[in-house]
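Student: One structure follows; several queries about it will come next.
The values are calculated or read from the model by the stated rules, or taken from the named source; none is laboratory data. All values derive from a computational prediction rather than experimental measurement. Positions of Cβ are backbone-derived with ideal geometry, glycine not excepted, and every protein chain shown enters the neighbour counts.
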Amino acid sequence: MFSKALYQLIQKPIVTEKALSLMQFNQYIFKVSYKSNKVELAKAFEALFPGRKVTKVALLNKPGKMKRLGKRSIMKASYRKAIFTITGEPLDYFQELAHAN
């Protein structure tokens, strides 16, 4: 698997209050590709973050919402997110965010 393909599968982290509270259970939330499945995502996560083993992947489809812009209504894009439960070392980037709040 190429690194470009890995970053297309796992696009970016989602940092919210709920995501920060899930870190104490070694769970991390990422925005992922619609065309990916749990097995591909687990392998991609382990390749991007060596030293961590994925024990569980939960996928959620978030539908787009209608937003008003003056008279016009626009549809926000739908996306998919994954909650990764890992064993091993916690991710350093997220630990810094959790301690900042």
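Student: Keeping to the range 1-41, report how many residues are farther than 13 Å from Leu59 by Cβ, out of contact with any Phe, Trp or Tyr (no Cβ under 6 Å at 6 or more places or on another chain), among the hydroxyl-bearing types (Ser, Thr, Tyr) and not in a helix (DSSP H, G or I).
Tutor: So the count comes out to 1.
Student: Quick check on my filter: what residues within the range 61-73 are exposed (fewer than 11 other Cβ atoms within 10 Å of the Cβ) and either under 13 Å from the mean Cα position of the chain (by Cα) or more than 18 Å from Lys31 (Cβ to Cβ) (or both)?
Tutor: Scanning the range 61-73 gives Asn61, Met66, Lys67, Arg68, Leu69, Gly70, Lys71, Arg72, Ser73.
Student: Does Ala82 satisfy the criteria of being of a type outside the set (D, E, K, R), within 14 Å of Leu6 (Cβ to Cβ) and at pLDDT 95 or above?
Tutor: Spelling it out, Ala82 is indeed of a type outside the set (D, E, K, R), within 14 Å of Leu6 (Cβ to Cβ) and at pLDDT 95 or above.
Student: Right, next: Mind listing whichever residues of the range 32-60 are surrounded by fewer than 18 Cβ atoms within 10 Å (Cβ to Cβ), aliphatic (A, V, I, L, M) and either farther than 19 Å from Asp92 by Cα or modelled with pLDDT of 95 or more (or both)?
Tutor: Passing the criteria: Val39, Ala58, Leu59, Leu60.
Student: Take the residues in the range 13-31 that are within 13 Å of the chain's Cα centre (by Cα) and among the aromatic types (Phe, Trp, Tyr), then tell me which one is surrounded by the fewest Cβ atoms within 10 Å (Cβ to Cβ).
Tutor: Phe30
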